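What follows is a single structure, written as structure tokens, with notes after it.
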Amino acid sequence: MNTQTHLLLAAALFARPGCDNRLRNAAVVTGALLPDAMIFVMFAWSKLVGAPEQEVWSDWYFNPPWLTAIDWMNSLPLFGTVLLVGWLLPRDPPGLNQLSSALMLFALAAITHLLGDLPLHVDDGHAHFVPFSQWRFESPVSYWDPRHYGTIASFLELALGMVLIVVLWRRFSNRRVRVLLGFAVLAYAVPYVWFVLLGGHSDHFAALGPAVAG
């Protein structure tokens, strides 16, 4: 899945409106983003050092140290441990209760991200069970590669994203949240317009898959 879809899905499942839920919602957003964070760091670093994009997505992404860091940010045992710690924390005083809830929601949002990715990567997936195993599930379905049903998967993801945007728009009346939802729409539209309608190279468009998802 693309990063914006992970965010929208986690927000639809776990985020709630109201000032009292700011910590809750921050935990959800952070947890949904974190598995992809190292990919964005890698991409930003490649721009700083002037590395060609082809090298980034054909070499860096598939080899240490970037591969190791990305795998750790996509570790089910890691986020499962965070979830367990949050569940085991005492509920008193109230501050600890809030911390417990925030940790659990953070972990649940991250785990939702990982479970969304697991069935949608063919040869670019993550070792979701580090540090216990380097095994990577090779799905027959890719969220982006047209050689592996990527066209259908992309359409279904877009449809899901639009539904989630409508759900969140109805749930949140806050203007800032609705502006962010507007940016989510652009996040789906801009890559398509730039690389397809404006004639960008199709191989380069395909290489964006790992860049914008976990």
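The values are calculated or read from the model by the stated rules, or taken from the named source; none is laboratory data. As the structure is a prediction and not an experimental result, all values here were calculated from the model. Using ideal geometry, Cβ is built from the backbone for each residue, glycine included, and neighbour counts are taken over all protein chains shown. For accessibility, only protein heavy atoms count, side chains too; no ligands or nucleic acids. Shrake-Rupley method; radii C 1.70, N 1.55, O 1.52, S 1.80 Å.
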Between helix 150-171 and the chain: long-axis angle, C-alpha atoms, 0 to 90°, nearest 10: 30
Long-range Cα-Cα pairs in the chain (distance over 30 Å), rounded percent: 26
Protein accessible area in the chain, 1.4 Å probe - carbon and sulfur %: 70
Taking the C-alpha atoms of the range 75-126, convex hull volume expressed per residue in Å³: 51
Three-way shape call for the range 1-54 based on the alpha-carbon gyration tensor, with the a/c threshold at 1.5: prolate
Rounded tilt (10° steps) of 76-88 against the dominant C-alpha axis of the chain: 10
Förster radius 35 Å - calculated FRET efficiency between ARG136 and VAL185 (Cβ-Cβ, nearest 0.05): 0.60
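Can you pull out the trypsin sites (Lys or Arg not before Pro) in the range 75-177 whose DSSP state is coil and whose Cβ has at most 14 other Cβ atoms within 10 Å?
ARG91
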Rounded to 10°, Cα long-axis angle of helix 94-117 versus longest principal axis of the chain: 20
Surface accessible to a 1.4 Å probe, LEU160 within the full protein complex, Å²: 60
The chain, relative contact order [Cα under 8 Å, separation at least 6], %: 27
Computed accessible area, MET73, all protein chains, 1.4 angstrom probe, square angstrom: 50
Cα-only Debye scattering, the range 27-87: base-10 log of I(q)/I(0) at q = 0.12, 0.18, 0.20, 0.23 Å⁻¹: -0.36, -0.68, -0.78, -0.92
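For the range 1-56, what is the accessible area per residue in Å², given a 1.4 Å probe and the full set of protein chains?
Value for the range 1-56: 49 Å² per residue.
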